[in-house]
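Engineer: This is the structure I want to talk about, given as structure tokens.
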Amino acid sequence: MKTVDITTTQNVTIQYELAGLRERLLSFVLDIVILYISIFILTIGYSVCFSGAGMSYFSYFVIIPIATFYTFASEQLLDGQTIGKRALRIKVVKLDGKPLTTSDHFLRWTMRLVDIWFSSGLIAGVLVSSSTQCQRLGDLATNTSVIKLNSSLRFSLFDILNISSLSDYVPQYAEVRRMNEQDMVLIKNAIIRADRYRNDAHELALTELTVRVCTALDIQQHTVRDSRRFLQTILKDYIVLTR
């Protein structure tokens, strides 16, 4: 499992799991299937409505542009995702934490000619599999990579605390049942990052996370004296109450 640390514009460092070749290939295949189905439906619809008249113009001005610019337009409009990437819960991000720009999307799309089409995907496959940050040429040119939005790190949640049962721990916040494992992984990672990178930005992140948790669970924020201890307690309560 490969991970990457990305520092946001607020100077908060977050660890993400990188999408590997399998996830990226599946999303690519899914996009191709979606594209072909869409083109097929559009072609049939046009033929029915116009009896096939002007089909060549329809192909030149509608079908070819859709097939050509699908990836570029999708990632631009869906903030780093195509429909296939969204289905696989993966996303293109800048490794410096900055927002993706139109030029980033365009350059990544242009490099697909070399990465994927001219080399039958060989260059992209080798680079994604072998590089430390799972980057193809388009990613290297734009300082981007593809991350997982549903990290498999969540499966290690029940290993972070050694709590055997309700008999030796009394939960303080029963409302924590409203949350899910993904929420807990976010809290766990926020605490880990704050412990690893001790600065005001990470402490502020813990404070803001505490506010969000209190709001979600209808907990009076003024009763929370220590954000880190509160979030650790939330983790303990969740583990005990949901195992």
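Engineer: Calculate, in nm to one decimal, what C49 and R177 gain on full extension: separation in residues at 0.36 nm each, minus their alpha carbon distance. Show your work: numbers first, answer last.
Structural biologist: On the way: separation 128, 0.36 × 128 = 46.08 nm, distance 5.39 nm.
Extending this stretch completely gives an extra 40.7 nm.
Engineer: Which sequence of K148, K98 reflects their accessible areas, 1.4 Å probe, from the largest down?
Structural biologist: Values: K148 40, K98 125 Å².
Per-residue accessible area, sorted high to low, gives K98, K148.
Engineer: Still on this structure, I have one more. Take the chain, connect every pair of alpha-carbon atoms lying under 10 Å apart with a spring to form a Gaussian network, then pick out the residue of P99, P171, P65 with the largest mean-square fluctuation.
Structural biologist: Per the Cα network of the chain with a 10 Å cutoff, P65 tops the list.
Engineer: Assuming 1.306 mPa s and 10 °C, estimate D for the chain with Stokes-Einstein, Rh taken as the Kirkwood radius over Cα pairs, in µm²/s.
Structural biologist: Result for D is 76 µm²/s.
Engineer: How far is it, in nm, from the label point at T242 to the one at A141 when both lie 7 Å from their Cα along the line to the Cβ?
Structural biologist: With each label point 7 Å from Cα toward Cβ, the separation is 4.2 nm.
Engineer: Okay, next question. Please check: in the Gaussian network model of the chain (C-alpha springs, under 10 Å), which one of V62, V213, V146 has the largest mean-square fluctuation.
Structural biologist: Checking each option, the largest mean-square fluctuation is seen for V62.
Engineer: Where a ≥ b ≥ c are the square roots of the eigenvalues of the C-alpha gyration tensor, would you call the range 184-243 rounded, which needs a/c under 1.5, or, failing that, prolate if a/b is larger than b/c, or oblate?
Structural biologist: Verdict is oblate for the range 184-243.
Engineer: So what is the orientation-averaged projected area of the range 56-135, using the convex hull of its C-alpha atoms, in nm²?
Structural biologist: The directionally averaged projection comes out at 6.4 nm².
Engineer: So if each residue of separation counts as 0.36 nm, and I subtract the Cα-Cα distance between R229 and T215, what length gain in nm does that give?
Structural biologist: 3.3 nm
Engineer: Next question. Determine the distance separating the Cα centre of the range 213-243 from the Cα centre of the range 90-119; give it in Å without decimals.
Structural biologist: Between the Cα centre of the range 213-243 and that of the range 90-119, the gap is 39 Å.
Engineer: I'd like the carbon and sulfur percentage of the solvent accessible area for the chain, probe radius 1.4 Å, heavy atoms only, ligands and nucleic acids excluded.
Structural biologist: Working: 8340 of 13770 Å².
Within the chain, the accessible surface is 61 percent carbon and sulfur.
Engineer: Above 22 angstrom, tally the Cα pairs of the range 1-98 and express them as a % of all pairs, no decimals.
Structural biologist: 46 percent
Engineer: Another one. Summing -39500 (n - 2.57) over the DSSP H runs of n ≥ 4 in the chain and dividing by its residue number, what mean residue ellipticity at 222 nm do you reach, to the nearest 500 deg cm²/dmol?
Structural biologist: -17000 deg cm²/dmol
Engineer: If the chain between L113 and D200 were fully stretched, how many nm would it gain, using 0.36 nm times the residue separation less the Cα-Cα distance? It would help to have the intermediate numbers written out before the result.
Structural biologist: Working: separation 87, 0.36 × 87 = 31.32 nm, distance 4.42 nm.
Taking 0.36 nm per residue and subtracting the Cα distance, the gain is 26.9 nm.
The values are calculated or read from the model by the stated rules, or taken from the named source; none is laboratory data. What you see is a predicted model, and the numbers here were worked out from it, not measured in a lab. Positions of Cβ are backbone-derived with ideal geometry, glycine not excepted, and every protein chain shown enters the neighbour counts. SASA here: full protein model, heavy atoms, side chains in, ligands and nucleic acids out. Shrake-Rupley method; radii C 1.70, N 1.55, O 1.52, S 1.80 Å.
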